[in-house]
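What follows is a set of notes on a single structure, which appears directly below.
The values are calculated or read from the model by the stated rules, or taken from the named source; none is laboratory data. Nothing here was measured: the structure is a model prediction, and the numbers come from that model. Cβ sites come from the backbone with ideal geometry, for glycine too, and all protein chains shown count toward neighbours. Just the protein is used for accessible areas: all its heavy atoms, side chains included, with ligands, DNA and RNA removed. Shrake-Rupley method; radii C 1.70, N 1.55, O 1.52, S 1.80 Å.
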Amino acid sequence: MKGFQGFAAGRGVVFAAAGALTLAAVFPAGAQDKPVQGGTLVYLEQQAHTTLYPPAGGFYPNGGVLNQITDKLTYQNPQTLEIEPWIAKSWTINPDATEYIFELREGVTFSDGTPLDAAAVAKNYDIFGLGNRELKYPVSEVINNYSRSEVLGPLTVKFTFSKPSPGFLQGTSVIGSGLVSLKTLELAFDQLGDATKIIGSGPFVVASEVLGRELVLAARKDYKWGPAKLAHQGRALLDGIKYVVTPEDSVRIGALVAGQGHVIRQIQAYDEKQVKGDGFQIYAPSTRGINNSIVFRPDNPLVADLRVRKALLHATNSKEIVETLFSENYPRATSIIAATAAGYIDLSDKLGFDRGKAEALLDEAGWKLGSRGLRQKDGRDLILTAFESLPQPQNKETLQLVAQQWQQIGVKLNVLAGDAGTRVIDNLDPQKTPVSPGMVGRADPDVIKSQFYPTNRNVLLQKGGTSTKVKEFVDPKLNDLLDAISAEPDAKRRLALTGEVQLYVLDQAYVIPIFEEPQAFAAAPNIKGIAFEAVGRPSFYATWIAKK
Amino acid sequence: MSSVSSYALRRTGQALLVLAAAFTASFLLLQALPADAILIKFMDPEMGLSPTQIAEIHASYGADQPILQQYLHTLGNFLTGQFGYSIQAGVPVSDSLAANLPPTLKLASLSFLAAALLAVLLAFLSNLAGFAWLRALIQSVPALFISIPTFWLGIMLIQLFSFQLKLVPVISPGPWERLILPVATLAVPISAPLAQILMRNIDEVLTQPFIAVARAKGASHLYILWHHVARNAVLPTLTIAGVLFGELLAGAVVTEAVFGLGGLGNLTYQAVSTQDTAVLQAIVVISAAAFVAINLIVDLLYPVLDPRLGRGLGASA
């Protein structure tokens, strides 16, 4: 065995040296950086995609497909977060952001040959903005206050809103606003899991699918309408992309390292070192929205007291969590939103780990340390429960580490797995789950409203949301702030409001931010030009495979 | 002759009754779950829907109608071969089944075959081994096999044969290549109980008087094993083989996940965790139909195979 290892290591050295020599001799510097066309990228996915109705594109696997096959009205520059032209050449917005007029690019077609014109865009947005009961389409999360569309000319479309909707322009750039052909929109919501039925105008087209297992995309040869300011133009460089669903982590990584795949989605932080050591690339684009956090449900009397929530906030050591379970690709949170998100302010001084302070706060709130090392008050133990969230990286381990940290001050946190059904239903009951993990990605301040507003994701479980189990908790001040963010046409004022709400949420200790969640990928060394849109969904439009 | 056909008619009627009962029971049990797939999908905060929107969608699926009406509706659909839509996956259930049923059948039957071969090999080897310690060692193999977690074995086989030795790819393998490692993974735990029973049966048959006779006639041990013992020992083993088929499907869940194969196991697992009622109902009914069909065929074959049965019926009619 020892001899074998020695031989393998020796061979590696010889090969590496020989490789360096030949490369230096044959290729002038930089020659291998010239993009080449052709080849099929093998992409190993952790989970199969579900419904590909574009507003359902938030689910990581769905976004990974939709981003290749659909185009958006606008393109959000992932570096500057500015909104740039794409299918829309230009646009005008009235001062109070209730009317948007878009001028579309000429000659854009869906892959079924039908034109992507004003009529098609109007129809797409009527469904995204209003839903369709008959076809069971839900309303898109990113569109607020939508009222109607008007076709002003073959390539001119106007949208009207019932209230100011300043987040709408950014909303036209997200995965969930991918434009699809009228034929696709004639199908019912529950038929859109079949990828072959999703007809977009994107650089790739669905060629074939084995349900739940494999998806093959082919480049569209006549594609010439990529985002106007991108360096790459024309058709995609790859000939195709093959998605293979490979649920098991170790198999995905092993297959990548063994050369059976080119890119894998979802590499766990503890595997990063090994993969990087072998010369592979790790990508961890930020999802730029609400950080990976622990959220309280104040309707539950155990966490209704601000002092208790503050105590738990200071008992949580996010530095230890990131250092123990994650890597430098998971920056510690310094506010409720990511440092790269629009309107972010640094609130790290409110988030310090301070066990003494935590204990003092619990004492003050009347929770005294009992005989079994548990805090008690009026004969009740301070025992809380949370469900793990499957899509978030190492969420169970994170919650378990938090439970250990809280145990130090006499608070017990039960971490439950549970099937999806129980999880969804019990998670809507603040009495059963006073604590919950939460995060959501979107590069616009509207994301804060999405997360906290009662009629949106409602993570705090306020009255007036999906849950019928909430008795009385509602925070009108928070909701007013959220309303204001989603309807403030003045950009500067809107960012100021965004700062205000971050401060308020932390002052109320509604949320314990842990880290800024990236979507983590690994790729073979010869895969070049992988890009990510503003919330970390991959784009393979300019990707190419270099010769090894 | 008419007695036989009335027997066939009665058995067919019974089979249909069992099928109807399975359909009804599964429908009621799935209704009794605390939530349904529609709620789980649309109440998920990721959809960001309001209670009114959820209620509307719920109504648009007809899920707010009285149970009896839903029952008749679903029954009518099943009778005309419509299994509805998988709410989670967003495809017709029949498409899901068409994609998942064949690979599972292939995996399960090949694994069973491999397990049977492995069991016979182990049993014969343990009996032929020359030394007592070697026999003991081989006889303890089934205990080892049954305690290996399928999950771990699958990953080990992939690591060794696919990633280290590069013999079979796991990603985009050929149609038969795809099955080599999963079949090996599944066959090992299934072979264990088969081998154990086979070993015990061989030992039992070897104590029978007719073996002593054969031995006295000068037959070699291998000859006796092959010509006299094998047939007698295999029959009882086959009886429990049927029971093992269920275990095979359970093992397929893990194997399908590790190897990223589509299959009924994976489909069932996902449907259970999202309470995707339409998918579950179809799986239950199809499994019941398969079970009923096999039993019906066997029952209908009785009078053909054993004429006494047919006469008995005739006398009583």
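A few points about this structure:
- Of the residues screened, A:Leu413 is one that is modelled with pLDDT of 95 or more and not in a helix (DSSP H, G or I).
- The range A:200-225 - residue that is within 14 Å of another protein chain (Cβ to nearest Cβ) and among the β-branched types (Val, Ile, Thr) and, of those, farthest from B:Gly263 (Cα to Cα): A:Val206
- Flag if A:Glu103 is free of Cβ contacts under 8 Å to residues at least 40 places away in the same chain, touching a Lys or Arg at 6+ places or on another chain (Cβ under 7 Å) and either of a type in the set (D, E, K, R) or crowded, with 21+ Cβ neighbours inside 10 Å (or both): no
- Check on A:Ile143, of a type in the set (A, V, I, L, M, F, W, C) and surrounded by 22 or more Cβ atoms within 10 Å (Cβ to Cβ): yes
- Residue within the range B:156-174 that is closer than 16 Å to B:Val120 by Cα and touching a residue at least 40 places away in the same chain (Cβ under 8 Å) present: no
- For B:Pro103: the one exception among (1) open to solvent by 30 Å² or more (accessible area, probe 1.4 Å); (2) within 30 Å of A:Asn458 (Cα to Cα); (3) within 11 Å of chain A (Cβ to nearest Cβ): (2)
Residues are listed down the side, and each one gets a yes or a no for (1) in a strand (DSSP E or B); (2) surrounded by fewer than 24 Cβ atoms within 10 Å (Cβ to Cβ):
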| site | (1), (2) |
| --- | --- |
| A:Gly38 | no, yes |
| A:Gln47 | no, yes |
| A:Gly63 | no, no |
| A:Tyr75 | yes, yes |
| A:Gln79 | no, yes |
| A:Glu84 | yes, yes |
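- Of everything listed in (1) more than 14 Å from every other protein chain (Cβ to nearest Cβ); (2) at pLDDT below 90, the single unmet condition for A:Asp483 is (2).
- Hits in the range A:464-480 (condition: part of a helix (DSSP H, G or I) and surrounded by 14 or more Cβ atoms within 10 Å (Cβ to Cβ)): A:Leu478, A:Asn479
- The range A:86-100, residues that are in a strand (DSSP E or B) and open to solvent by less than 10 Å² (accessible area, probe 1.4 Å): A:Ala88, A:Tyr100
Residue-by-condition table, conditions (1) touching a strand residue (DSSP E or B) at 6+ places or on another chain (Cβ under 9 Å); (2) in contact (Cβ under 8 Å) with a residue 40 or more places away in the chain:
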{"site": "A:Lys412", "(1), (2)": "yes, no"}
{"site": "A:Gly418", "(1), (2)": "yes, no"}
{"site": "A:Ala443", "(1), (2)": "yes, yes"}
{"site": "A:Lys449", "(1), (2)": "no, yes"}
{"site": "A:Ser467", "(1), (2)": "no, no"}
{"site": "A:Lys471", "(1), (2)": "no, yes"}
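- When A:Ala236, A:Ala228 are checked against the criterion of being out of contact with any Gly (no Cβ under 7 Å at 6 or more places or on another chain), open to solvent by 10 Å² or more (accessible area, probe 1.4 Å), away from chain B (no Cβ under 14 Å) and assigned to a loop (DSSP other than H, G, I, E, B), a single residue qualifies: A:Ala228.
- Residue list for the range B:37-77, filter: open to solvent by less than 50 Å² (accessible area, probe 1.4 Å) and modelled with pLDDT of 85 or more: B:Gln70, B:Tyr71, B:Thr74, B:Gly76, B:Asn77
- Exclusive hit being open to solvent by less than 10 Å² (accessible area, probe 1.4 Å) and of a type in the set (D, E, K, R), set A:Glu533, A:Glu517: A:Glu517
- Filter pass, B:Leu157 being within 22 Å of B:Leu122 (Cα to Cα), within 12 Å of chain A (Cβ to nearest Cβ), part of a helix (DSSP H, G or I) and in contact with a helix residue (DSSP H, G or I) (Cβ under 6 Å, 6 or more places away or on another chain): yes
- Note on the range B:192-210: residues that are polar (S, T, N, Q) and surrounded by fewer than 13 Cβ atoms within 10 Å (Cβ to Cβ) total 1.
- Candidate set: the range A:108-149, residues that are of a type in the set (Val, Ile, Thr) and within 22 Å of the chain's Cα centre (by Cα); chosen: the one nearest to the other protein chains (Cβ to nearest Cβ): A:Val139
- Failed condition for B:Leu118, given (1) open to solvent by 40 Å² or more (accessible area, probe 1.4 Å); (2) modelled with pLDDT under 90: (2)
- Filter result (within 14 Å of chain A (Cβ to nearest Cβ) and closer than 18 Å to B:Ile38 by Cα) within the range B:69-86: B:Phe83, B:Gly84, B:Tyr85, B:Ser86
- Options B:Ile190, B:Ile171; residue that is farther than 25 Å from B:Arg135 by Cβ and at pLDDT 85 or above: B:Ile171
- Restricting the range A:250-275 to residues that are free of Cβ contacts under 8 Å to residues at least 60 places away in the same chain and within 12 Å of chain B (Cβ to nearest Cβ), the residue that is farthest from the chain's Cα centre (by Cα) is A:Ala258.
- Test: residue in the range B:105-121 that is hydrophobic (A, V, I, L, M, F, W, C), within 30 Å of B:Leu28 (Cα to Cα) and not in a helix (DSSP H, G or I): no
- Members of the range A:225-234 that are touching a residue at least 40 places away in the same chain (Cβ under 8 Å), over 23 Å from the mean Cα position of the chain (by Cα) and under 16 Å from A:Gln68 (Cβ atoms): A:Trp225, A:His232
- Single unsatisfied condition, A:Thr385 versus (1) farther than 18 Å from A:Pro513 by Cβ; (2) at pLDDT below 95; (3) of a type in the set (S, T, N, Q): (2)
- Criterion applied to B:Ala89, B:Ala63, B:Ala98, B:Ala59 was being of a type outside the set (Lys, Arg), facing chain A (nearest Cβ under 9 Å) and not in a helix (DSSP H, G or I), and the one residue passing it is B:Ala89.
- The criterion of at least 3 residues that are of a type outside the set (Val, Ile, Thr) and open to solvent by less than 60 Å² (accessible area, probe 1.4 Å) is met by the following helices (runs of 4 or more DSSP H) wholly inside the range A:299-410: A:306-315, A:355-364, A:395-407.
- Within the range B:137-180, the set of residues being aliphatic (A, V, I, L, M) and open to solvent by 60 Å² or more (accessible area, probe 1.4 Å) comprises B:Leu137, B:Leu144, B:Ile146, B:Met156, B:Leu160, B:Leu165, B:Leu167, B:Ile180.
- A:Asp278 farther than 20 Å from B:Ser172 by Cβ, within 13 Å of another protein chain (Cβ to nearest Cβ) and among the acidic types (Asp, Glu): yes
- Only one entry in A:Asp222, A:Asp194 is open to solvent by 10 Å² or more (accessible area, probe 1.4 Å) and touching a strand residue (DSSP E or B) at 6+ places or on another chain (Cβ under 6 Å), namely A:Asp194.
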